[in-house]
Structure formats: C-alpha cells, structure tokens
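**Student:** For reference, the structure I am asking about is given below.
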Amino acid sequence: MNIIVCVKHVPDTAEAEVVIDNSGKDIKKENLVFDINEWDNYALEEALLLKEKHGGMVTVLTVGSEAANETLRKCLAKGADEAFRLDDEAFKRSDGYVIAKILYSAIKNMKYDLILTGVQASDDGYAQVGVTLAEMLGIQHASMVKKVEVKNGFVRVHRELEGGLEEVVEVKLPAVLTIQTGINEPRYVSIAGIRRAARKEIKVLGLAELGLKKEEVGEAGSPTRLERLFVPEATKKTEILTGDPSTVATKLSEILKEKGVLG
Amino acid sequence: MEVLQRLNLLGCIQCGVCTGSCPISLKSGFNVRKLVRETLLYKNLPEHEEDVIWGCTTCSTCEVRCPREIKPFELVVDIRSMLVEEGVVPPTIRDALESVYKHGNPWGRVRGKRSEWAEGLNVKQASEGEKISLLYFVGCTPAYDNRIQNVARALIKIFEKTGTDFRTLGNNENCCGSEVYGIGEKGLFELLVEENLNLFNRYDIKLMVTTSPHCYNIFKNKYNGLKFEVQHYTQYIAKMIEKGKLKFSKKREETVTYHDPCFLGKKNGIYEEPRLVIENIPGVKFVEMERSKSQSLCCEGGGGRMWFDFSGERLSEVRVKEAVQTGASILLTSCPFCLLNLEDAVKTTGMEETIKIMDIAEFIAEVF
C-alpha cells in the first residue's frame, strides 16, 4: 500500500500575538515558531500506521520554501520513506486551488493507493486542497475522516458529521482522504531521530520539473485573491457577578440560559 | 553492555532495598530491582509494562538507600530513552517534550510571555557581556504557572529586602531540561545543555539562584562546563540570614512543618538550610513530620510525572495527611512541583480548612 501524505509547515499561533505585516495580506512571522500543521500530523501518523500494517511506502509532499524542510525532516524521522518539496518563486501567493494544482503536477506521475491530507491547515483554514486534488486526479475522496480500514480494493472510512454523528462510507481506491484530528495518537519523534533524518534526501521540484507555467500558478493562476487581512475589533461585554457562590451560580446560569448557551 | 558499567549495575547484590523503599512500588507493580536483574541477566534493556515505566518519579529514594551506591532510577531513565527513540511516549509527555523543543518550556506556552510574571516589578534583564553578581533563574513553572508565579514574586521581594543586585534572563531564559532528562529524551536534553551554556556564556555570571530544586539539581549535577556557582534559593536566604542581611520585623505565631523536596534533599542533601530559614522566623513553631529529610515521601512531581497521571492513591494526599497529624496549620515546601501537588492534595482530601500549603519564599515575604 503506497501512501502519499501532503503536509504544510505552519506557524504556531495558538497563544502568540499575531501582527499583520505592511502588505496587509500576511502576518509577521519572524517571532513565530513553525511546525507541521496539526491535521497533517494526524494524516502522517495514519499513513505510518497503515504502512506498518499493510507494508508499502509513505511519501510526503509539501509546497513550501526551504524552511519547510524542518517539517519534512520530522516526517522522515517518524518513518516516511521519501520527501518532496515543491518550491518555486512563482508559487508564492497561490490559493488553495493552485496549491492543489501544484501537488497534482507532482502526484499525477507517482504510484499510489491512497493520498492523505489534513482536513485543513491551521493558518488559512481553507480546507480545499484535499478535495480539489482528488477532483484533479479524477479519483474519489472522503473528507473529515476519523477511521480508516483497508479492504480489498477499497477503504471503509468513518466521517465525522455535525452533532456527534459518524457516517461510514466505502471509497474505491485510489482515493484522497482528508484526515480529522483525533483519528490516532501521533508518535513522538526524538531529537536524535530528527538529527539522523537530516541526512536523508529531500527532493526539490520547481516550475519546470513539474511542467507548470508561470501564469498557471501564484497570484496569476489563482481564481481567488486575498484582499485584506485584519484583526476583528474586539467587542466584549464584561459583567462581574457578586455575592456568595450560590447566588453567583444562579445569576450565571440565568445569563447562560438567556444567551442560549444552556437549555 | 555500556549501561552495566556506566550505572555500576554489576555491583548490585539484589538486596531489594530499592524496590522495598520505592514509593511507586507501594502502589503499583513497578519493581526497579527486577529491572536491574533483567538487565544483568539478558545484557539488554528489559521488557516492561508500558505504563509502569512512566510511574517512576526519579525521586532518588532508591539511590539514597542502596548499600552499593547504585542509582537504580537511572536505569529507568535509560529504558525510557529507548522508548523515546521508538516514539512510544504517553501523549501528555509527548506534548511536554514538543513544547520544550518549540517554546523552551514544557507547558505549551509561548516564549514571548515568559517574563509576564514580572510585570510591574523592578526586575532587570541581563544585558550582553554584563557582570552579574546574582542571576535569578526563574524556571518554567514559576514563569508560567499562575499559582507559582507568586513564589517568583515573593523571591523578588526577598532580593529587594536583602539589597541583592540581581538580573534575570527575561524571555531568553530556556528550560533547564531537568524533566526532559528524567523522561529519557537525552538528545533534547543535550540540545538544551548546549543552548543554555551558550546563553550563560554571553554574560559574566558569578552566582545563579534557582526557584526550583529541579533546575538547581540539573545545573549542579548534569551540566558540564558551568562557570559559576548554582544555589537553590533556600541556600541563598539561609546565607543572608547568617550574614544578618535578612531580618524579620513581624512575628508570626504559627505551627509549621516542612516537606523536603526530593530534588533538593535526597538528590543534594540540602536539609538544613530550609530549616534554618524557617526556624529564624520570629514566633514560628517548627515541627517535623514523622518522615522527613531523606525519608521524605515523594509528591510524585519528578521524572516527567507532572505530565503523566499514575494510578493508585496519590502520595501527595498521603503526605498532606501526615502533615495534618503534626498539628501544623501550614505545610511549607520549597519546590514548585511539590507546591502544586500538595495544594491539589489539600483540595482532593478536603483539608482546606485544616492546613495550608505555602512555599518558604511566600511565607517569608509575608513576615517582613
């Protein structure tokens, strides 16, 4: 079972203060710590678990600059067999559709049974790349996947729906699955392991190697264009409840009911 | 096999004192004597039950009691190292390790907020090349944990009271690696040692004082190449009292007892200084618990256990009950992990009305 995993090197912004840069279209990244996109980490783990069970190869791909090598090395250290970085000056400011196209250009000539991506990336949150890629490759897909079982020629997957529901679908192989967090427990990779993986090759493919034209990628090739980034104005209402604990609890539950938080 | 020599395991006489005195063996199948025996027999790191190996707090009770001067817990660290290399690490410990690598602290917090605890205080950050008579190494937990920040602030008060000229490393301060070592992530530990030595070398430091016995222990015993002395804050305060630089103006009529942190006591033999400090506070009646000093019961905060819950009765609850038996109204300690665990135990045992947990630094800062 050969599996391709598409990953993204993203800034950790959970607690960090996010500042918009001068272009108004991006954030300042100098002081941010980068790591593999959380969803992609689960996708990689699922690929490694499937490889351990069924054999085959795991190939990781990313669209990104040299800094993304750090994420690829982490993937190699965890057990991925091959890593490709798709990088070209012309790829900058590509939207989700073009990212899928770049990945497609690399993947279309590869041998695979399954392609895993994260459901979405934590930075732009578009959640488009996986399904768009499936469409371009002309293969099936399932999104928001919480469980994967490999059968003969197909996979049986659980999809996470709203309201705690799960849907079970059978998807013919080859297929793209976009992986939801919580599907597994990603393994730890030691610093010694990452250092050992630094010796493994990361293949870099650009515009020419991928057979793409400049006008097909970047801002020019993107059907959507980022207009502006901004921090929404904080509007908050603060109310300090006073009294003994039971009075405060009563007041609080009334407010929560009023706001529709409690039934 | 290298580990046999390094840990002197060949000297083991299998007396079983280690397992017999191990606080974790009291409540689980953890058996460090057996691990040593298996290593000797098979010349290989032994198989083990998955969870149990993460139970050891590396408290050093086994080390203190071993008649052959072996450190059995170090074998546990080695077995963990093997698991770390295999990636088989409990998820909560994994997250702590990844956080240390990314953010320089195990609490998942960003570096940019490391010195927020000192806002509004007169705390100066060391500048490049500066001659520093005392570097205050705050530590991750006092820097980020809301409860323990109070200990750091109390220490600042004490430094001011004693006229101590001190600096901190501000947001440049990095995890000391104590728990990373205990978890067995030796590669990450070596990386931290390298980073920290480089950082310290940017200044001309004379003395470093730490909040936590864990930072103190690791700097003192596992860092090669530190060019300055390291002290735990209780040592520093004891010296200030002896020199007459710290005087108490208020009286505090209170019966207190003291819980010896393992990383200060068992690992470093520092039993007297904390007691000297406590006994010098006017009005204080100091009582010992039945088990004290090298017999102190581990709170289960060491060896990565702050990020891994383990089955059985919590030893911190046992400890709080022991403290209550002394009749003390305050249980003092001098370690962030002990403080957090003991305070939790006071709540879970419903002893909030009976006994209060405080750090020695906090207690002192109230009696100036």
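The values are calculated or read from the model by the stated rules, or taken from the named source; none is laboratory data. Just so it is clear, the model here is predicted, and its values are computed rather than measured. Note that we place each Cβ from the backbone using ideal geometry, even for glycine, and neighbour counts take in every protein chain shown. Areas reflect the complete protein model, heavy atoms only, side chains present, ligands, DNA and RNA absent. Shrake-Rupley method; radii C 1.70, N 1.55, O 1.52, S 1.80 Å.
**Student:** Between residue B:113 and residue B:13, take the C-beta separation as r, use R0 = 56 Å, and let me know the FRET efficiency to the nearest 0.05. Walk me through the numbers before you get to the answer.
**Tutor:** Details: r = 51 Å, r/R0 = 0.91.
Rounded to the nearest 0.05, the efficiency is 0.65.
**Student:** For Cα pairs less than 8 Å apart in space and 6+ apart in sequence, what is the mean separation divided by the residue count of the stretch A:105-244, i.e. the relative contact order in percent?
**Tutor:** On the way: 159 pairs, mean separation 29.9, N = 140.
Reported as a whole number, the value is 21 percent.
**Student:** Return the lysines within reach of residue B:102: Cα separation strictly under 19 angstrom, same-chain partners fewer than 8 residues apart disregarded; answer none if there are no such residues.
**Tutor:** Answer for residue B:102, where 19 Å is the Cα cut-off: A:8, A:28, A:29, A:74, A:78, B:113, B:186, listed by chain and number.
**Student:** Hey, another quick one. Using label points projected 7 Å from each Cα along Cα→Cβ, tell me how many nm separate residue A:198 and residue B:82, to one decimal.
**Tutor:** It is 2.7 nm.
**Student:** Could you work out the helix-only [θ] at 222 nm for chain B, with each DSSP H run of four or more residues adding -39,500 (n - 2.57) and the total divided by the number of residues, to the nearest 500 deg cm²/dmol? Please list the in-between numbers first.
**Tutor:** Values: 16 runs with 154 residues, N = 368.
Computed ellipticity for chain B at 222 nm equals -12000 deg cm²/dmol.
**Student:** Could I ask something else about it? Each label point is 7 Å from the Cα along the Cα-to-Cβ direction; what then is the distance between the points at residue A:54 and residue A:15, in nm?
**Tutor:** 3.9
**Student:** I need the fraction of alpha carbon pairs in the protein assembly as shown separated by more than 43 Å, rounded to a whole percent. The partial results should precede the final answer.
**Tutor:** Details: 68356 of 198765 pairs.
In whole percent, the long-distance tail amounts to 34.
**Student:** So, one more: For labels at residue A:235 and residue A:261 in the simple 7 Å Cα→Cβ model, what's the distance in nm?
**Tutor:** 1.9
**Student:** Sticking with this structure for a sec: Could you work out the relative contact order of chain B, using alpha carbon pairs under 8 angstrom and six or more residues apart, expressed as a whole percent? Please list the in-between numbers first.
**Tutor:** On the way: 641 pairs, mean separation 62.9, N = 368.
Rounded, it is 17 percent for chain B.
**Student:** Turning to a different aspect of this structure: Sequence neighbours fewer than 8 away in the same chain don't count; with that in mind, list the aspartates and glutamates whose C-alpha is under 14 Å from residue B:43.
**Tutor:** B:2, B:78
**Student:** Hey, another quick one. Within the stretch A:115-263, count lysine pairs with alpha carbon atoms under 18 angstrom apart where the residues are 8 or more positions apart or belong to different chains.
**Tutor:** Working: A:146/A:172; A:147/A:172; A:151/A:172; A:236/A:259; A:237/A:251; A:237/A:257; A:237/A:259; A:251/A:259.
Eligible lysine pairs with Cα atoms under 18 Å apart amount to 8.
**Student:** Can I ask one more? Can you list the residues of the stretch B:18-33 with backbone N under 16 Å from a point 7 Å past the Cα of residue B:51, pointing along Cα to Cβ?
**Tutor:** Hits in the stretch B:18-33 for residue B:51 at 16 Å: B:24-31.
**Student:** Determine, from the Cβ-Cβ distance of residue B:311 and residue A:209 and an R0 of 51 Å, the FRET efficiency 1/(1 + (r/R0)^6), rounded to the nearest 0.05.
**Tutor:** On the way: r = 55 Å, r/R0 = 1.08.
Working from the Cβ atoms, E equals 0.40.
**Student:** Then there's this: R0 = 25 Å: FRET efficiency of residue B:197 with residue B:242, Cβ-based, nearest 0.05? Present the calculation step by step, with values, prior to reporting the outcome.
**Tutor:** Details: r = 31 Å, r/R0 = 1.25.
For R0 = 25 Å, the calculated efficiency reads 0.20.
**Student:** Using a probe radius of 1.4 Å on heavy atoms only, what accessible surface per residue do you get for chain B? Whole Å² is fine.
**Tutor:** Spelled out: the 1.4 Å probe surface of chain B, per residue, equals 40 Å².
**Student:** Extension gain residue B:26-residue B:42, at 0.36 nm per residue separation less the Cα-Cα distance, in nm?
**Tutor:** Working: separation 16, 0.36 × 16 = 5.76 nm, distance 2.63 nm.
This chain segment gains 3.1 nm when fully extended.
**Student:** Sticking with this structure for a sec: Using helices alone, I'd like the mean residue ellipticity at 222 nm for chain A: each DSSP H run of four-plus residues gives -39500 (n - 2.57), total over residue count, nearest 500. Show your work: numbers first, answer last.
**Tutor:** Values: 7 runs with 73 residues, N = 263.
After summing the helix terms and dividing by residue count, I get -8500 deg cm²/dmol.
**Student:** Can you pull out the trypsin sites (Lys or Arg not before Pro) in the stretch B:1-70 that DSSP calls coil and that have at most 15 other Cβ atoms within 10 Å?
**Tutor:** Working: sites: B:6, B:27, B:33, B:34, B:37, B:43, B:65, B:68; in loops: B:43, B:68.
In loop regions of the stretch B:1-70 (DSSP not H, G, I, E or B), the sparsely surrounded trypsin sites (Lys or Arg not before Pro) are B:43, B:68.
**Student:** When a/c is below 1.5 the answer is rounded, else prolate if a/b is larger than b/c, else oblate, so apply that to the stretch A:78-149 with a ≥ b ≥ c taken from the square roots of the Cα gyration tensor eigenvalues.
**Tutor:** Working: a/c = 1.41, a/b = 1.20, b/c = 1.18.
Since a/c stays below 1.5, the shape of the stretch A:78-149 is classed as rounded.
**Student:** Which of the three applies to chain B, rounded, prolate or oblate, going by the alpha-carbon gyration tensor with a ≥ b ≥ c and a/c under 1.5 meaning rounded?
**Tutor:** Judged from the Cα gyration tensor, chain B comes out oblate (a/c at least 1.5, b/c at or above a/b).
**Student:** So, one more: What is the antiparallel percent of DSSP beta bridges lying wholly in chain A, to the nearest 5? Write out the running numbers ahead of the final one.
**Tutor:** Details: 16 of 42 bridges.
Expressed as a percentage, antiparallel bridges in chain A total about 40.
**Student:** Another question about this same structure. Using the heavy atoms of the protein chains alone and a 1.4 angstrom probe, what is the accessible area of the stretch A:2-221 per residue in square angstrom? Walk me through the numbers on the way to the answer.
**Tutor:** Numbers: 10340 Å² over 220 residues.
I get 47 Å² per residue for this part.
**Student:** Can you list the residues of the stretch B:115-130 with backbone N under 14 Å from a point 7 Å past the Cα of residue B:157, pointing along Cα to Cβ?
**Tutor:** Inside the label zone: B:121-122.
**Student:** First check a/c for the stretch A:2-221, with a ≥ b ≥ c the square roots of the eigenvalues of its C-alpha gyration tensor; if it is under 1.5, answer rounded, and if not, answer prolate when a/b is larger than b/c or oblate otherwise.
**Tutor:** Values: a/c = 1.33, a/b = 1.28, b/c = 1.04.
Verdict is rounded for the stretch A:2-221.
**Student:** With springs connecting C-alpha atoms under 10 Å apart, model chain A as a Gaussian network and identify which of A:194, A:99, A:240 has the largest mean-square fluctuation.
**Tutor:** A:240
**Student:** Averaged across the residues of A:189-199, what count of C-beta atoms belonging to other chains lies within 10 Å of each residue's C-beta?
**Tutor:** Per-residue shielding by partner chains comes out at 5.
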